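Scroll down for the structure; my scribbles are underneath it.
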Amino acid sequence: FDKAKSGVGLSISHDMAGVGYQTINAKVAYSYQIDLWKKGILSLGVSGGILNKNFDPREHVLKDIGDMNFPDERVNRVNPDFDFGLEFSTPWVMVGGAVNHSGMLNKNIPETLRPTESYTAHVRGNIKAGEICNLIPAVTYMNSSQFHVYDANFTAFFVEKYWIGLGARYTKPISAMIASLGFEWNFLRIGYTYELSLGQVSNVSYHTHEVTLSFKIPTNRCKPKPVEE
């Protein structure tokens, strides 16, 4: 909504990770932009909804049947779920952070059924290299429970339509090398990412393929404004 400098969104995801785990997450989101000066924007965002976790222990084979914390039958739980974030951006650098799955956590709920609060921070640059190329270095940090994830990548954009990138992710004991490429056509974006697992996790999951297809609805704020001399 251009005149209100605001945006709204809806996201729904269904994830099956691990043995017997299913997660459904549905949220509505709101964002607001503050023009600090001609080339500086502060963006604020909040989202809220529900997170449903379902765990079926019948999919597991226990080696130690004396573990009293392991449920005997299928369990299901719906929790309220909230995210908060902010980002400061200029044409040359972007800095931001967020808190995901925040608040409303009941510590009496089994860990397998409650959201895991996480924190993220990122810095992204934009370096013009010639008439047709922009170099985009980026660093991201995420903390989720006892896990600390460090992500660094370097992407080159050509004629503002095509990109190719390389990156690395580290978190003990999981590490990965990442390569990506793609292109934009008008408001359509198609991309492909390949992730090669390293370290101990490579014995379980060697590589991952990801295909992305996105479409951006045109608005006046999407169009670059001419810079006044």
- Note on the structure: Pairing a residue in segment 121-145 that is without any contact (Cβ under 8 Å) to a residue 40 or more places away in the chain and assigned to a strand (DSSP E or B) with any residue that is open to solvent by less than 70 Å² (accessible area, probe 1.4 Å) and charged (D, E, K, R), where Cβ atoms lie under 7 Å and the two sit 6 or more apart in sequence or on different chains, gives Thr140/Asp151
- Looking only at residues in segment 139-157 that are open to solvent by less than 90 Å² (accessible area, probe 1.4 Å) and in contact with a Leu (Cβ under 7 Å, 6 or more places away or on another chain), which one is farthest from Thr193 (Cα to Cα)? Ala156
- Task: Check segment 12-20 and report whether any residue there is surrounded by 14 or more Cβ atoms within 10 Å (Cβ to Cβ) and either closer than 23 Å to Asn76 by Cβ or out of contact with any helix residue (DSSP H, G or I) (no Cβ under 9 Å at 6 or more places or on another chain) (or both).
- Result: yes
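Taking Glu210 as the residue in question, decide whether it is exposed (fewer than 14 other Cβ atoms within 10 Å of the Cβ), modelled with pLDDT of 90 or more and of a type in the set (Asp, Glu).
On the way: exposed (fewer than 14 other Cβ atoms within 10 Å of the Cβ): yes; modelled with pLDDT of 90 or more: yes; of a type in the set (Asp, Glu): yes.
Yes: the conditions hold for Glu210.
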- For Glu160, the lone unmet condition from (1) open to solvent by less than 50 Å² (accessible area, probe 1.4 Å); (2) of a type in the set (Asp, Glu); (3) modelled with pLDDT under 90 is (1)
- Pairs only if they're at least six apart or on different chains, beta carbon under 8 angstrom, first in segment 9-20 and closer than 18 Å to Phe84 by Cα and part of a loop (DSSP other than H, G, I, E, B), second open to solvent by less than 100 Å² (accessible area, probe 1.4 Å) and of a type in the set (Ser, Thr, Tyr); list them, first residue then second. none
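Yes or no, residue by residue, for (1) open to solvent by 30 Å² or more (accessible area, probe 1.4 Å); (2) out of contact with any Ser or Thr (no Cβ under 7 Å at 6 or more places or on another chain); (3) not in a strand (DSSP E or B):
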residue: Gln22; (1), (2), (3): yes, yes, no
residue: Lys27; (1), (2), (3): no, no, no
residue: Tyr32; (1), (2), (3): yes, no, no
residue: Leu36; (1), (2), (3): yes, yes, no
residue: Ile41; (1), (2), (3): yes, no, no
residue: Ser47; (1), (2), (3): no, yes, no
residue: Ile50; (1), (2), (3): yes, yes, no
residue: Arg58; (1), (2), (3): yes, yes, yes
residue: Val61; (1), (2), (3): yes, yes, yes
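Which residues, counting only those in segment 88-100, are part of a strand (DSSP E or B) and either among the aliphatic types (A, V, I, L, M) or open to solvent by less than 50 Å² (accessible area, probe 1.4 Å) (or both)? Walk me through how you get there before you give the answer.
Initial filter on segment 88-100 (part of a strand (DSSP E or B)): 88-89, 93-100.
Answer for segment 88-100, where residues must be part of a strand (DSSP E or B) and either among the aliphatic types (A, V, I, L, M) or open to solvent by less than 50 Å² (accessible area, probe 1.4 Å) (or both): Ser89, Val93, Met94, Val95, Gly96, Gly97, Ala98, Val99, Asn100.
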- Ile174 surrounded by 14 or more Cβ atoms within 10 Å (Cβ to Cβ) and at pLDDT below 85: yes
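The values are calculated or read from the model by the stated rules, or taken from the named source; none is laboratory data. None of the values given here were measured: they were computed from a predicted structure. Positions of Cβ are generated from backbone atoms using ideal geometry, with glycine treated the same way; all protein chains shown enter the neighbour counts. Accessible surface areas use protein heavy atoms only, side chains included; no ligands, DNA or RNA. Shrake-Rupley method; radii C 1.70, N 1.55, O 1.52, S 1.80 Å.
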